[in-house]
Amino acid sequence: MASNPVIARCQHCQAETQTYPYHGSDLERMQLCKPCYDVYLAREMVSYWKDHMAEEQRRTDASS
């Protein structure tokens, strides 16, 4: 996390706590607490790797 935390409302869990600004998938800024960010990041990474594996599968199938 590059920026300093601020006390604000987490956009996901609505808790008033330390939050950090992050970019969402639509590139809009959102304030998330660390636990919510960890969940958000995990979902994004799973989605990324599913897309990556599907693309590799298409390439493998196309070259066969």
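The values are calculated or read from the model by the stated rules, or taken from the named source; none is laboratory data. A quick note: this is a predicted structure, and the numbers were derived from the prediction, not measured. Methodologically, a virtual Cβ is constructed for each residue, glycine included, from the backbone with ideal geometry; neighbour enumeration extends over all protein chains shown. Keep in mind that these areas ignore ligands, DNA and RNA; they rest on the heavy atoms of the full protein, side chains included. Shrake-Rupley method; radii C 1.70, N 1.55, O 1.52, S 1.80 Å.
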Cβ pairs under 8 Å, 6+ apart, first in the stretch 25-53 and closer than 17 Å to Cys13 by Cβ, second part of a helix (DSSP H, G or I): Leu32/Tyr40
Residue check for Cys36: touching a Ser or Thr at 6+ places or on another chain (Cβ under 9 Å) and either open to solvent by less than 70 Å² (accessible area, probe 1.4 Å) or modelled with pLDDT under 90 (or both): yes
Residue match in the stretch 37-49 (condition: over 18 Å from Ser3 (Cα atoms) and assigned to a loop (DSSP other than H, G, I, E, B)): no
Cross-chain or 6+ apart pairs with Cβ under 6 Å, the stretch 2-23 first and closer than 14 Å to Tyr37 by Cα, then of a type in the set (Gly, Ala, Ser) and surrounded by 13 or more Cβ atoms within 10 Å (Cβ to Cβ): Thr19/Ala8
The one condition in (1) of a type outside the set (A, V, I, L, M, F, W, C); (2) part of a strand (DSSP E or B); (3) modelled with pLDDT under 90; (4) in contact with a Phe, Trp or Tyr (Cβ under 8 Å, 6 or more places away or on another chain) that Gln31 fails to fulfil: (3)
Which numbered condition Thr60 misses (of (1) in a strand (DSSP E or B); (2) out of contact with any Gly (no Cβ under 6 Å at 6 or more places or on another chain)): (1)
